[in-house]
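Engineer: First, the structure itself, so that you have it in front of you.
Since every read-out is calculated from the coordinates, none of them should be taken as a lab result. None of these values were measured; they are calculated from a predicted model. Ideal geometry is used to build each Cβ from the backbone, glycine not excepted, and the neighbour counts take in all protein chains shown.
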Amino acid sequence: MDNESKGSFYVNVGTVKKAEMTYSWAGKDRIIIDHTEVDDSLRGQGKGQDMVFAAVKFARSKNISIIPLCPFAKSVFNKHPEFKDVL
């Protein structure tokens, strides 16, 4: 979901949103990841990391960069040097 000022990546289980990572646009060429939340029922399944990977894919497709202010997202970026191109 993206409404040109804010957006999110999320994981549904059935019709229920169980994980979400939110971001805000900072200009036309950068997003700021500000929050990641994963329901306890999905913990340990890599769903948070999957959303960060989706954000990287999104950034590459739009030729934009990411500022990971969310501590979780920042930790994933720190573990994946191959994502430096979108920082």
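Engineer: For the chain, find the longest principal axis of its Cα atoms and tell me its angle to the long axis of helix 47-62, 0 to 90°, nearest 10.
Structural biologist: 30
Engineer: Follow-up. Under the rule of at least 5 residues apart or a separate chain, name every residue whose amide H is placed under 5 Å from the amide H of Ile67.
Structural biologist: Under 5 Å from the amide H of Ile67: Ile31, Ile32, Ile33.
Engineer: Still on this structure, please answer the following. Report the normalised scattering of the chain as log10 I(q)/I(0) at q = 0.11, 0.18 Å⁻¹, calculated by the Debye formula with identical scatterers on the alpha carbons.
Structural biologist: Computed log10 I(q)/I(0) values: -0.27, -0.72.
Engineer: Which distance in nm do the two modelled labels at Ser65 and Gln45 give, with both placed 7 Å along the Cα-to-Cβ direction?
Structural biologist: 3.5
Engineer: Over 20 Å between C-alpha atoms is what I'm after, so list which of Lys18/Lys79; Lys28/Lys79; Lys18/Lys47 land there.
Structural biologist: Lys18/Lys79; Lys28/Lys79
Engineer: For segment 35-85, which trypsin sites (Lys or Arg not before Pro) are both in a DSSP coil and crowded by at most 12 other Cβ atoms within 10 Å?
Structural biologist: Arg43
Engineer: Return the sequence-ordered ³J(HN,Hα) values of segment 14-21 in whole Hz as given by the Karplus equation 6.51 cos²θ - 1.76 cosθ + 1.60 applied to θ = phi - 60°, using x for Gly and Pro.
Structural biologist: x, 9, 9, 6, 10, 8, 8, 10
Engineer: Below 8 Å, C-alpha to C-alpha, sequence gap of six or more: please give me the relative contact order for the chain in percent.
Structural biologist: With pairs under 8 Å counted, the relative contact order is 24 percent.
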